[in-house]
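Contents: one structure, followed by commentary.
The values are calculated or read from the model by the stated rules, or taken from the named source; none is laboratory data. Everything numeric in this text was worked out from a predicted model, so none of it was measured. Positions of Cβ are backbone-derived with ideal geometry, glycine not excepted, and every protein chain shown enters the neighbour counts. Side chains are part of the model used for accessible areas, which takes the heavy atoms of the whole protein and leaves out ligands, DNA and RNA. Shrake-Rupley method; radii C 1.70, N 1.55, O 1.52, S 1.80 Å.
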Amino acid sequence: MRREDFNDFYENTIKRHAQLFLEKNKGYIFHESADRIYEEYLNQKTLMRVVLEKNNPSQLLDRHKVCAAMTVAILKCRPITCASINDIDGKFKLSDACTINEQLAFYCSWSLMIGFIQASKKETEHMKFVLPPTNHNDNFVNTFTRSLFVANIQNSLSPELLANIYFLLESYNLKQQM
């Protein structure tokens, strides 16, 4: 993604989603972080090229890998912080932790994925994209973002795994339309 495209994505997707989250969740602060996110996105793309042995810089990464790199970039930069979090009594639990940045990363990258799909497949222009049901009481987004949160604090985010998840989400949606 070129810098001009990223700037547009940042203004119209990342900031828009962040504002929606902040309206629903009082006590959070959005930090302007376009430069940090873009730099981390480029780092993640470079890392994927090395891991996948894509040595030709003119060979573009597919849309799933681009979305995975964006997800990890947003997660690592954590542009939303909680203004009121504290651990005065020593009773803060992992289950109390907020996944607002994980939600932001997923929703922004999922929006990017949908845009890529619609740009490449004319028949998907008016398609309604959905997320699959889960076998738990939670929905897909809650389950997925909690998993992203745990992977991030364990320092085990895998852009390659995320790329496969975005591929599966695309396949799921295309299959739903048949």
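So, of the residues in region 32-48 that are closer than 16 Å to N155 by Cα and of a type in the set (S, T, N, Q), which turns out to be surrounded by the fewest Cβ atoms within 10 Å (Cβ to Cβ)?
Taking the candidates together, the pick is N43.
Are any residues in region 1-18 touching a Phe, Trp or Tyr at 6+ places or on another chain (Cβ under 7 Å) and under 17 Å from N101 (Cβ atoms), and if so, which ones?
Answer for region 1-18, where residues must be touching a Phe, Trp or Tyr at 6+ places or on another chain (Cβ under 7 Å) and under 17 Å from N101 (Cβ atoms): H17, A18.
With A69, A18 as the choices, which residue is in contact with a helix residue (DSSP H, G or I) (Cβ under 9 Å, 6 or more places away or on another chain), within 19 Å of I153 (Cα to Cα) and part of a helix (DSSP H, G or I)?
Just one listed residue meets the conditions, A69.
The rows are residues; the columns are (1) open to solvent by less than 50 Å² (accessible area, probe 1.4 Å); (2) touching an Asp or Glu at 6+ places or on another chain (Cβ under 8 Å); (3) assigned to a helix (DSSP H, G or I); (4) free of Cβ contacts under 8 Å to residues at least 60 places away in the same chain.
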{"position": "I114", "(1), (2), (3), (4)": "yes, no, yes, yes"}
{"position": "I117", "(1), (2), (3), (4)": "yes, yes, yes, yes"}
{"position": "T134", "(1), (2), (3), (4)": "yes, no, no, yes"}
{"position": "N142", "(1), (2), (3), (4)": "no, no, yes, yes"}
{"position": "R146", "(1), (2), (3), (4)": "no, yes, yes, yes"}
{"position": "N152", "(1), (2), (3), (4)": "yes, yes, yes, no"}
{"position": "N155", "(1), (2), (3), (4)": "no, no, no, yes"}
{"position": "L168", "(1), (2), (3), (4)": "no, no, yes, yes"}
{"position": "K175", "(1), (2), (3), (4)": "no, no, yes, yes"}
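Looking at (1) under 16 Å from the mean Cα position of the chain (by Cα); (2) outside any loop (DSSP other than H, G, I, E, B); (3) over 21 Å from I153 (Cα atoms), which is the one condition that is false for M1?
The one condition M1 does not meet is (2).
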